[in-house]
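Laboratory data are not the source of any read-out in this text; all were calculated from the coordinates shown. Because the structure is predicted, anything quoted here is derived from the model rather than measured. A quick note on method: Cβ atoms are made from the backbone with ideal geometry, for glycine too, and the neighbour counts reach across all protein chains shown.
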Amino acid sequence: MQPTVALRVARYRPEQESEPTFQTYEVPFRKDWVVLDALNYVKDKLDGSLSFRWSCRMGVCGSCGMKVNGSPKLTCAAFLSDSMPGPIRVEPMDYFPVVRDLVVDITDFMQKLKKVKPWIIRKEERPLAEGEYRQTPDELDTYKQFSMCINCMLCYSACPIYGLEPSFIGPAAIALAQRYNMDSRDEAARERLEILSEHDGIWQCTFVGECTKVCPKNVDPAGAIQQYKLMGAAHWLRSLLLPWGTR
Amino acid sequence: MSAGVHHTPYHPKWYRRRVSVWWWLQNRTYTGFVLRELTSVFVAFFALVYLWQLRALAQGPEAYAHFLALLKTPLFLVLDGVAFLFILFHSITWFNLAPKAVVVRLKGKRVPDWVVVGLNYAAWLVLSGAVAFIVLRGG
Amino acid sequence: MPRSITPLLWLLFSAGGTVAALLFPVHVLLTGLAVPLGWLEAPSYESVRGLVRNPVARLYVFVFISLPLFHWAHRFRYTLYDGLQLKHLTELIAVLCYGTAILGTAMTAYLLWNIT
């Protein structure tokens, strides 16, 4: 008799219900299986109507973020064996509107990401003849950690400020802005600071720190935000005391 | 989480759950966070106690003696004891989080977090010792 | 001219938090517990008064009371806003918090200026 484990999955079918419900499935337990494997088993063999997002199944695409037993996780990285004896509760990520079952709408994050201009901005592009931009390993080191973000949005799902104040720009967007601010090739730190110093920018953060805890790629968005606050405050002081210097 | 269906405008079928007022009881980190934030109340409490002491000092020896007597009452002793614990909690969480905000780079390499934390604790010890010395020597 | 004062409020919060973290524990231990409980002799009225006459001491006391009040104001304001979800009272909360800190600072400055 093959060991099994119960999977309690949140279902939401807007055409037939107004609130989410739970449905329990009995899936085989294998010690090398992750929650994503179990969900795919459900979809293949038990209930083809279950909707969820996934892609690379190896922790680099950021598609499969969900809540496993109440904690935001990538389901491709959440081993069944870590949650035994079960039942294992699988729900959609918090603080995003649920479209269907485990699928959430991520438009809000996408818009916020664009707002921070996460690309290299230069006052003048170098002509091709001048060759490539060079960067020392130390210069790379200043922003590399923040560049590891896979946009999985687990940090948004963990941030109570985002839950309470949906207009908050959020951990990943700020971390990615900082990634470009610290990049020696970029020249738009001031421009981004103007955007992020607005009411729902960096100052909304109260350093709960949960975003860093749940990040699967060790981006440390909380650290990025606190560094950004210091940068923002220093810039504010400079513009107050030396207004001519900051034009 | 409380019930309370709250649909997103223009997408009446998308489900949005309202965040409960008890969100901070949901996990240990959130509760710890709120306790950490509440340490500020005890910080303000003591700042006001010192302000009161300063005022008593300015008013004269009787007022000052009266203030010192007030500090000996059980109510204040209990409040002070509780406040002391919360203020310690503030100090510890503050120093432990310092390296997140203050990133020091020496010759291109980031100074390790434990050095920043250690320097903070060292400063704490040195300053506390200096204060104790000055206050007690003046007596 | 900088647009908003939030960075200033955050700087005050940080400075106040650092002052409180470094200096409050020892002062609370001495003034709030050790002396009232009799573990240590209370410094005499004259010696404390003499100590406060010193301009450096006055600056210390000013920073010691004022900055932590601003630390509390900023932090408590956000705690009420987020923790109790009092969004509709956000202006009132801000005025009460920073107002108290400003009042406390003004009182401290007044007392320190006039003490002889």
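Observations on the model:
- Loop sites in the stretch A:120-149: trypsin sites (Lys or Arg not before Pro), DSSP, at most 11 other Cβ within 10 Å: A:ARG122, A:LYS123, A:ARG134
- GNM flexibility winner over chain B from B:ASN120, B:ASN27, B:ASN96 (Cα, springs under 10 Å): B:ASN27
- Residue among B:LEU51, B:PRO61, C:LEU67 farthest towards the positive dipole end of the protein assembly as shown, charges placed on Cβ: C:LEU67
- As a rough footprinting exposure proxy, the listed residues A:ASP183, A:ASP82 were ranked by other beta carbons within 10 Å of their own, and the order from fewest upward is A:ASP82, A:ASP183.
- Its relative contact order, with pairs defined as Cα atoms under 8 Å and 6+ residues apart, puts chain B at 14 percent.
- At least 18 Å along the helix axis (C-alpha) and Kyte average at least -1.0, DSSP helices within chain B: B:28-59, B:74-101, B:113-137
- For A:GLU26, the shell of other residues with beta-carbons less than 13 Å away shows a net charge of +1, using +1 for Lys and Arg and -1 for Asp and Glu.
- Shape category assigned to the stretch A:107-246 from the gyration tensor of Cα positions, a/c cut at 1.5: oblate
- Across the stretch A:107-246, C-alpha contacts under 8 Å between residues 6 or more apart give a mean separation that, scaled by the residue count, equals a relative contact order of 29 percent.
- Along chain A, longest interval not containing exposed GluC sites (Glu not before Pro), exposed being DSSP loop plus at most 11 other Cβ atoms within 10 Å: A:133-247
- Alpha-carbon centroids, the stretch A:83-158 and the stretch B:17-76: separation in whole Å: 41 Å
- Dividing the mean sequence gap of close Cα pairs (under 8 Å, 6+ apart) by how many residues chain A holds gives a relative contact order of 17 percent.
- Placing unit charges on each Cβ (+1 for Lys and Arg, -1 for Asp and Glu) gives the stretch A:181-247 a dipole about its Cα centre, and among A:ALA233, A:LEU196, A:GLY209 the Cα reaching farthest toward its positive end belongs to A:ALA233.
- Charged neighbours of A:ALA175, selected by a Cβ distance under 11 Å, balance to +1 (K, R count +1; D, E count -1).
- Ranked list, fewest to most other Cβ atoms within 10 Å of each Cβ, for B:SER128, A:SER18, C:SER47: A:SER18, C:SER47, B:SER128
- Against the compact-protein benchmark of 2.2 N^0.38 Å, the Cα-based radius of gyration of the stretch A:1-136 scales to 1.41.
- Eligible lysines near A:LYS117 by straight Cα distance, threshold 22 Å, same-chain separation 8 or greater: A:LYS144, A:LYS217, A:LYS229
- Cα-based shape type of chain B, given that a ≥ b ≥ c are square roots of the gyration tensor eigenvalues and the cut on a/c is 1.5: oblate
- Average other protein chain Cβ within 10 Å of Cβ, residues A:207-214: 4
- About the Cα centre, charge dipole magnitude for chain A (Lys/Arg +1, Asp/Glu -1 at Cβ), debye: 180 debye
- Taken about its Cα centre, the protein assembly as shown carries a charge dipole of about 400 debye when Lys and Arg each add +1 at the Cβ and Asp and Glu each add -1 at the Cβ.
- Whole-Hz ³J(HN,Hα) from phi, Karplus 6.51 cos²θ - 1.76 cosθ + 1.60, for the stretch C:83-99, glycine and proline x: x, 9, 6, 8, 4, 6, 9, 4, 5, 4, 4, 4, 4, 4, 5, 5, x
- Sorting B:ILE134, A:ILE106, A:ILE202 by the number of Cβ atoms found within 10 Å of their own Cβ, with the fewest placed first, yields B:ILE134, A:ILE106, A:ILE202.
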